[in-house]
Amino acid sequence: MLTTLRFCRIAILAIGVILVSSLVPTPGVAAQKVQVEFWHGLTQPLGGILENVVAGFNASQDKYQVNATFKGSYPETMVAAIAAFRAGNAPHIVQMFEVGTATMMAARGAIKPVYELSKETGVTIDPKNYVGGVRGYYSTPDGRLVSMPFNSSTPIAWYNKDAFKKAGLDPEKPPRTWEETWAAAKKIVATKAAPCGYTMAWPTWTQYENFGAIHNVPLATKANGMDGMDTELKINSPLHVKHLQVMMDLQKEGVFKYGGRDGKADALFPSGECAIFHGSSGMRARVVREAKFNWGVAMLPYYKGTPGAPTNSIIGGASFWVMTGPKRTTEEYKAVAEFFQYISRPEVDAKWHMDTGYVPITLAGFALASGQGYYIKNPGADIPFRQLTLTEPTENSRGLRLGNMPEIRVVIQEEMEKAFQGQETAKQALDSAVQRGNGILRNFERTNRQ
Amino acid sequence: MRRRVIFPNKVLPYLLLAPQLAITIVFFFWPAAQAIYYSLLLQDPFGLRTQFVWLENFRTILTDPLYLGSIRVTVIFSTAVAALAMGTALLFAVMADMGIRGARIYRTLLMWPYAVAPAVAASLWLFIFHPSIGIIGRGLNDLGILWDYKLNGTQALLLVILASAWKQVSYNFLFFLAGLQAIPRSVIEAASMDAGPGRRFWSIVFPLLSPTSFFLLVVNVVYAFFDTFGVIHALTDGGPAKATETLIYKVYTDGVMNLDLGGSSAQSVILMAVVITLTALQFRFIERRVHY
């Protein structure tokens with residue numbers, strides 16, 4: 001028995017060795033072109049559309065060749081890039097999710113900020129072309145771009161018009177405030193128009209990160225971490241406690257249903273189970289394909305009477321980072337800069353937006369899509385952009401820069417789960433989230449001290 | 001009874017061993033040594049700033065209530081998975097070993113789950129037990145039994161135990177069946193003279209199966225410790241509220257998601273020690289007492 005096992009192990013390892021050796025890149029056909037490695041974390045069909053953008057750049061000129069490679073989910077891509085950097089072999093460009101921003105920014109020496117790239121290569125990349133809420137997320141406090149914005153989304157409200165009608169609500173009047181949202185959700189469940197009135201995906205993103213931005217209250221001190229690593233979470237304010245308490249109460253009444261972490265609740269809206277849903281604007285293609293009912297979209301709600309609400313929402317998604325390496329040449333950096341300039345062209349931005357459902361990140365891209373009649377043909381497709389640009393970003397709605405944010409997101413989800421399970425009160429859950437989150441922030445500060 | 005083979009050539013045996021040794025060193029000893037080294041460091045993910053902190057990472061982990069909670073989950077999880085997977089497999093093997101009609105078909109069908117990748121297996125279970133899209137999950141809720149493993153920790157743990165055990169039943173079944181068939185018929189027939197099937201099983205068959213059982217026990221515990229990652233990852237992500245976060249899942253979360261290399265390495269080192277101890281115990285002490 002043991003010999004067999006050992007044999008299997010050797011066989012598996014041998015296969016592994018063969019696989020690894022076959023992965024070593026062979027010299028490309030177009031060896032005379034400057035080669036740029038680009039690692040991304042988008043699954044199909046988005047990954048294919050991104051690779052088409054890259055192919056468009058390669059076809060647009062004959063000096064540079066960008067090679068796009070899929071490296072798994074965002075966290076997997078991040079780990080792959082980190083491992084490659086440690087081995088002295090980082091890709092030129094890596095796509096990184098928005099919550100990895102603080103980690104990347106702290107890795108000075110591993111990355112080359114976009115403003116530096118632009119200055120060194122003489123290729124202009126003007127931050128002013130970008131929407132404030134997008135630009136702010138990836139810029140230094142004084143407004144210089146550090147990473148290259150690309151695929152951005154923002155959470156919006158999706159609602160089932162058929163269920164609204166059945167419940168006696170006006171399907172053309174989506175709730176504007178949380179009070180109206182809860183009333184509508186209650187009515188939908190009471191009249192059995194849908195089994196569940198309300199749910200949300202990406203609980204931390206929708207209920208804390210964007211909830212804070214829209215109500216113009218901080219998620220964390222120091223402008224949500226933008227002004228320094230010595231930041232602390234602020235999500236146990238009376239407004240936050242009240243909001244969690246309402247959700248806990250409505251969960252008991254069967255009006256609100258917790259659908260799980262991250263994107264796990266996404267299925268609950270197109271299946272018709274939950275009539276009001278807060279989730280990514282990037283759901284559009286899926287809802288179009290799967291929903292067998294009339295639906296609409298609206299901006300995220302706010303609690304009536306909150307000063308400053310509604311403020312603009314913040315983004316999710318990813319940006320492109322330039323990585324350094326011992327063997328980089330000026331020509332390679334130049335190629336990267338040219339590629340960045342290409343993807344920020346209005347026609348590329350508008351096409352990406354219309355093909356995928358991500359928001360346009362440049363004002364010119366939005367104008368172009370608008371001019372082509374896209375929003376007339378697709379009612380509501382402009383809502384994410386309008387919500388994102390609703391006001392000038394404040395220090396609570398510019399974005400977040402918290403170290404180890406993916407871990408903090410999980411902590412907040414865990415504490416919400418404890419509250420929904422009845423293990424903790426709303427106040428206890430949020431106090432504990434703040435305390436654990438601050439521990440994570442202090443660890444980050446300690447490991448990344450300059 | 002030990003036989004010694006004397007090789008006249010001093011170099012040849014090492015040469016023959018070299019490929020295996022090279023693989024062991026590259027894939028086992030080197031990473032293990034690196035894990036030990038990193039467990040003593042405090043480092044940012046890119047390796048730009050490194051501090052040597054001695055055993056601080058271990059101190060942090062062992063005083064962390066969340067880590068202790070994870071140990072508790074792992075013990076419950078592993079015991080349940082091993083017991084369930086082995087118990088069910090033994091039952092099936094005994095039944096398939098009897099001369100029932102179509103035994104061959106049952107045997108073949110019972111081996112299938114082993115060929116299913118953990119993540120795929122988890123997806124299958126998800127489609128059965130998901131509270132809103134799963135057949136049984138919906139059924140339970142319709143019957144008035146509140147089933148929601150995304151919020152109920154006990155249910156989540158139960159679900160990952162079931163899914164993990166289900167995948168391992170095939171493997172155990174194969175070994176038990178082989179073990180049963182290796183028992184000489186004459187012994188069973190002699191016992192049939194004055195004992196019923198139950199007595200026969202417990203007094204003759206079960207003791208004779210003990211080498212297989214002990215081998216499977218180690219394999220199953222190791223499986224529950226290390227190979228159930230895919231199931232947990234696809235079904236619960238360690239949640240809700242850490243209810244299904246086993247030690248190996250925590251190593252992944254802390255190392256890959258949270259990029260805490262030192263802490264994650266320290267946890268790996270602890271796990272490594274656990275496995276070495278388990279295996280050593282098994283082969284040193286328990287196996288000697290097993291009746292072959």
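Side notes on the structure shown:
- Exactly one residue out of B:ALA280, B:ALA191 is assigned to a helix (DSSP H, G or I), of a type outside the set (S, T, N, Q) and surrounded by fewer than 17 Cβ atoms within 10 Å (Cβ to Cβ): that is B:ALA280.
- Residues of the stretch A:179-193 satisfying the condition of being open to solvent by less than 10 Å² (accessible area, probe 1.4 Å) and either assigned to a loop (DSSP other than H, G, I, E, B) or farther than 21 Å from A:SER271 by Cα (or both): none
- Note on the stretch A:417-431: residues that are within 11 Å of chain B (Cβ to nearest Cβ) and either open to solvent by 10 Å² or more (accessible area, probe 1.4 Å) or in contact with a Pro (Cβ under 6 Å, 6 or more places away or on another chain) (or both) amount to 7.
- A:SER281 vs. criteria touching a Pro at 6+ places or on another chain (Cβ under 6 Å) and open to solvent by less than 10 Å² (accessible area, probe 1.4 Å): yes
- Within the stretch B:51-88, being touching a Leu at 6+ places or on another chain (Cβ under 8 Å), more than 20 Å from B:VAL275 (Cα to Cα) and aliphatic (A, V, I, L, M) holds for B:VAL53, B:LEU55, B:LEU84.
- In this structure, B:SER213 does not satisfy being under 14 Å from B:ALA85 (Cβ atoms), away from chain A (no Cβ under 14 Å) and surrounded by 14 or more Cβ atoms within 10 Å (Cβ to Cβ).
- Among the residues examined, A:VAL434 qualifies as more than 30 Å from A:GLY296 (Cα to Cα), touching a Leu at 6+ places or on another chain (Cβ under 6 Å) and either β-branched (Val, Ile, Thr) or away from every other protein chain (no Cβ under 14 Å) (or both).
- Residue check for B:SER123: touching a residue at least 60 places away in the same chain (Cβ under 8 Å), part of a helix (DSSP H, G or I), under 20 Å from A:ASP266 (Cβ atoms) and not hydrophobic (A, V, I, L, M, F, W, C): yes
- If you go through the stretch B:231-248 and pick out every residue that is within 14 Å of chain A (Cβ to nearest Cβ) and touching a residue at least 24 places away in the same chain (Cβ under 8 Å), you end up with 12.
- Any hit, the stretch B:157-174, residues being open to solvent by 20 Å² or more (accessible area, probe 1.4 Å), within 14 Å of chain A (Cβ to nearest Cβ) and farther than 19 Å from B:GLY238 by Cα: yes
- Residue-level check: of (1) closer than 16 Å to B:LEU66 by Cβ; (2) away from chain B (no Cβ under 11 Å); (3) aliphatic (A, V, I, L, M); (4) touching a Leu at 6+ places or on another chain (Cβ under 8 Å), A:ILE412 misses just (4).
- Failed criterion for B:TYR106 (all others in (1) within 17 Å of B:ALA89 (Cα to Cα); (2) touching a Pro at 6+ places or on another chain (Cβ under 9 Å); (3) of a type outside the set (A, V, I, L, M) hold): (2)
- Check on A:GLY259, part of a helix (DSSP H, G or I) and either among the β-branched types (Val, Ile, Thr) or within 14 Å of chain B (Cβ to nearest Cβ) (or both): no
- Of all residues in the stretch B:106-148 being over 22 Å from B:ALA234 (Cβ atoms) and of a type in the set (Ser, Thr, Tyr), the one that is most open to solvent (accessible area, probe 1.4 Å): B:TYR106
- Flag if A:GLY380 is touching a strand residue (DSSP E or B) at 6+ places or on another chain (Cβ under 6 Å) and surrounded by fewer than 19 Cβ atoms within 10 Å (Cβ to Cβ): yes
- Scan the stretch B:31-56 for residues that are within 13 Å of chain A (Cβ to nearest Cβ) and either open to solvent by less than 60 Å² (accessible area, probe 1.4 Å) or not in a strand (DSSP E or B) (or both) and the total you get is 14.
- Conditions (1) open to solvent by 20 Å² or more (accessible area, probe 1.4 Å); (2) more than 14 Å from chain B (Cβ to nearest Cβ); (3) in contact with a Pro (Cβ under 6 Å, 6 or more places away or on another chain); (4) not basic (Lys, Arg); number of the one not met by A:GLU273: (2)
- Considered as a group, the residues in the stretch B:124-179 that are among the basic types (Lys, Arg) and closer than 22 Å to B:THR228 by Cα include one that is modelled with the highest pLDDT, and that residue is B:LYS167.
- Residue that is nearest to B:PHE206 (Cα to Cα), among those in the stretch B:77-120 that are β-branched (Val, Ile, Thr), in a helix (DSSP H, G or I) and within 23 Å of the chain's Cα centre (by Cα): B:VAL94
- From the options A:THR447, A:THR356, A:THR394, A:THR389, residue that is modelled with pLDDT under 95 and closer than 26 Å to A:ALA59 by Cβ: A:THR356
- Subset of the stretch A:393-409 that is among the aliphatic types (A, V, I, L, M) and either surrounded by fewer than 22 Cβ atoms within 10 Å (Cβ to Cβ) or away from chain B (no Cβ under 12 Å) (or both) - its residue that is farthest from A:ALA110 (Cα to Cα): A:LEU400
- Of the residues making up the stretch A:296-308, those that are surrounded by fewer than 18 Cβ atoms within 10 Å (Cβ to Cβ) and of a type in the set (Gly, Ala, Ser) are A:GLY296, A:GLY305, A:GLY308.
- Residue match in the stretch B:148-169 (condition: closer than 30 Å to A:PHE269 by Cα, without any contact (Cβ under 8 Å) to a residue 24 or more places away in the chain and assigned to a helix (DSSP H, G or I)): yes
The values are calculated or read from the model by the stated rules, or taken from the named source; none is laboratory data. The structure presented is a predicted model; accordingly, all values stated were derived computationally and were not measured. FYI the Cβ positions are ideal-geometry reconstructions off the backbone, even for glycines, and counts take in every protein chain you see. Surface areas here come from the heavy atoms of the whole protein model, side chains and all, with no ligands, DNA or RNA. Shrake-Rupley method; radii C 1.70, N 1.55, O 1.52, S 1.80 Å.
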